[in-house]
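The structure under discussion appears below in the form of structure tokens.
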Amino acid sequence: MEATDAVASCDFCGDFGIDWSYPADSFDLDELWGSEGAWAACVTCHALIEVDHWSAVLDRTMHRFGDDP
């Protein structure tokens with residue numbers, strides 16, 4: 001994991017202003033969807049990931065994209 005200065009969106013919740021990136025393998029789900037390289041994380045998602053609170057990361061993602069559980 002490393003700190004970054006890029007202005008981008010969090011790959012976990014979609015918030016802008018990422019501060020961290022996590023190494024990840026690239027993959028393709030099909031010809032339209034996949035991921036290439038590291039995943040960006042905002043301050044909040046980074047803090048949740050670091051304490052292994054994945055259910056809270058999921059809640060942020062679902063809330064952000066309008067599909068609250």
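The values are calculated or read from the model by the stated rules, or taken from the named source; none is laboratory data. Because the structure is a prediction, the values reported are computed rather than measured. For neighbour counting, all protein chains shown are included, and Cβ atoms are generated from backbone atoms with ideal geometry for every residue, glycine included. All accessible areas refer to the heavy atoms of the entire protein, side chains included, with ligands and DNA or RNA removed. Shrake-Rupley method; radii C 1.70, N 1.55, O 1.52, S 1.80 Å.
The table that follows gives values for the structure above.
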item	result
Enumeration of residues in region 40-63 that are at pLDDT below 95, of a type in the set (A, V, I, L, M) and over 17 Å from residue 23 (Cα atoms)	57, 58, 62
Number of positions in region 49-60 that are open to solvent by 90 Å² or more (accessible area, probe 1.4 Å), outside any helix (DSSP H, G or I) and not acidic (Asp, Glu)	1
Tally, over region 22-39, of residues that are surrounded by 10 or more Cβ atoms within 10 Å (Cβ to Cβ) and either modelled with pLDDT under 90 or over 13 Å from the mean Cα position of the chain (by Cα) (or both)	7
Unique match (being surrounded by 10 or more Cβ atoms within 10 Å (Cβ to Cβ) and out of contact with any strand residue (DSSP E or B) (no Cβ under 7 Å at 6 or more places or on another chain)) among 46, 63	63
